[in-house]
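Got a structure for you, written out below as structure tokens; questions coming shortly.
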């Protein structure tokens, strides 16, 4: 990233002091709104810095992808070399990053330094927005309150100038001969210098630079910092000088930890000289033979070990690209497992929202305060791995207000985790099919939910950069935010399609929401989702599940009931009684029943496309054709059980044993998510039709 890290921050600015003495600066070179993609991305990167610095042994840098129209920031965290193996480093980065997120809510460029000059955190826009020239070298200073006595003052100034001058050269020299342990191919600038002032007083100085600076730039930065200390802290017993490129500190006590140990040489008595000389000659002979052997073996081990590490690292990144896709990370972030474990309180049972077919979902709070739903894959099956891969690659590239938003993921050797926005009002099924909570679903709210689901499906089918069939649309996969706006979730079973029709070798979905041509033969088209939408629409209007009953022998299919009421002109019997209490809504409700029956027709060609459904719901089209008979009312093939009989058997299984239930939905992404007890999701392989 070069010297731009240093040049970019030298602009008009204002220093502030956060609680706990973190020094930070919010630059006035441009702002974004607090809810913009840039600021959300910046805060997410800041929240992960402490873990990154700890994992990378003192230095961690993120170079974000420029994703039009909003560029994402570059952030870095750097600790003083003598602190990288201690908790002081992690705590300093964590606090500085947190203070920046809180105190610089909208600024593009921000920087913070630890109170004891032990770390630095920065975030700036990507390289394309960095200034190419700059003439100023701003610095901030923190001077000790105590001064040097008048007796020692004259000597103090000269000694300090000599110490800081040597230090500036020494730091640059150390950087050219050492790099970070984690493998960053950048210099690790840090050194200390000390000089005796008088018998009982010693000046201790330390400094470090950004790895992106050249050795000459590092020296120049520290010399300028020394000039600033002489200007602002003259005569003080200690000072800390902060700049965006380097940090300098001096005290009259040792404030740094030793990075090397020196053992004193023992005295040698004259009487033992002869014996020691003989032993020395013997050791020389032994070393002459053994050292070359040790050197060859050590070198061989290093070469083999390095090749193995590089090969393993390459396999890891190739595996990651294979799972999440090269383009999927542009709009969501990878979180460390430590961050997610902390966000969910170590995946505690109190934070557990629910459980699906391939994972457990937990409520969590990220370090920046954002509430999220965390789905942790618990079963590393081939289907589970495929659904994880499918979900990351699809949802990360979908952006619509009626689709659940994927915030990020965590990918480890043994972990597959997805992080979603949390739906505060829960999933639709827990409200719609609960007689007490359903009273809050007025017709206005239900109509808004119907419209939102329709628009979300239209986006998937025709308006997104991908063309997607969801294949498992149902009430438990509709999440509601705080304003009761619907969001379609669970894209683990979704499928890309390039043609209007095709076949699926593996049937996935939920019985009762799948049309017969898909459930029996695997024929797949957008009309699969249209059928599911029709069933869901009728459920919303009636307040009843498609096959809800506590007695399988008396099971009554919702589509059968709806068709019967339509033919007899008794639609009022079908409408949820809670809706009939509202005046002037009957015509709109019956029109929705009409749309629902059109969507669930047996004949695939007669079902409307979602574009037409949205137009009708928005009032742009008035005339509707008469619906034909719905699916699932007739025997499929002579001699085989009817779908109604199959549905009874499946419903009985769902009541008889919890272990037979295999819901794969993400209804638990809601803050009130639980698995539904009256629906059966399944996956099965059928031969394709000949």
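None of the figures in this text is laboratory data; all of them are computed from the coordinates on show. As the structure is a prediction and not an experimental result, all values here were calculated from the model. Reconstructed Cβ throughout: ideal geometry from the backbone, glycine too, with neighbour counts over all protein chains shown.
At what distance in nm do the modelled label points of residue 334 and residue 466 sit from each other, each positioned 7 Å from its Cα along Cα→Cβ?
Taking the simple label geometry, residue 334 and residue 466 are separated by 1.9 nm.
Quick check: pseudo-label points 7 Å beyond the Cα along Cα→Cβ at residue 309 and residue 583, how many nm apart are they?
Between residue 309 and residue 583, the simple spin-label model gives 7.9 nm.
Report the calculated FRET efficiency for residue 401 and residue 102 (r = Cβ-Cβ distance, R0 = 22 Å), to the nearest 0.05.
Once rounded, the FRET efficiency stands at 0.20.
If I stretch the segment between residue 289 and residue 227 completely, what's the gain in nm (0.36 nm per residue apart, minus their alpha carbon distance), one decimal?
16.9 nm
With labels modelled as points extended 7 Å from the Cα through the Cβ direction, what inter-label distance (nm, one decimal) is found for residue 349 paired with residue 609?
5.2
Run the numbers for residue 434 and residue 179: contour at 0.36 nm per residue of separation, minus the present Cα-Cα distance, in nm.
85.6 nm
Would you kindly state how much longer the chain becomes between residue 146 and residue 444 on full extension, computed as 0.36 nm times their sequence separation minus their alpha carbon distance, in nm to one decimal?
Taking residue 146 through residue 444 to full extension adds about 100.3 nm, to one decimal.
Can you put 488, 507, 340 in order, fewest other beta carbons within 10 Å first?
Lowest to highest Cβ neighbour count: 507, 340, 488.
Would you list 409, 333 from fewest to most Cβ contacts within 10 Å?
Sorted ascending by nearby Cβ count, the order is 333, 409.
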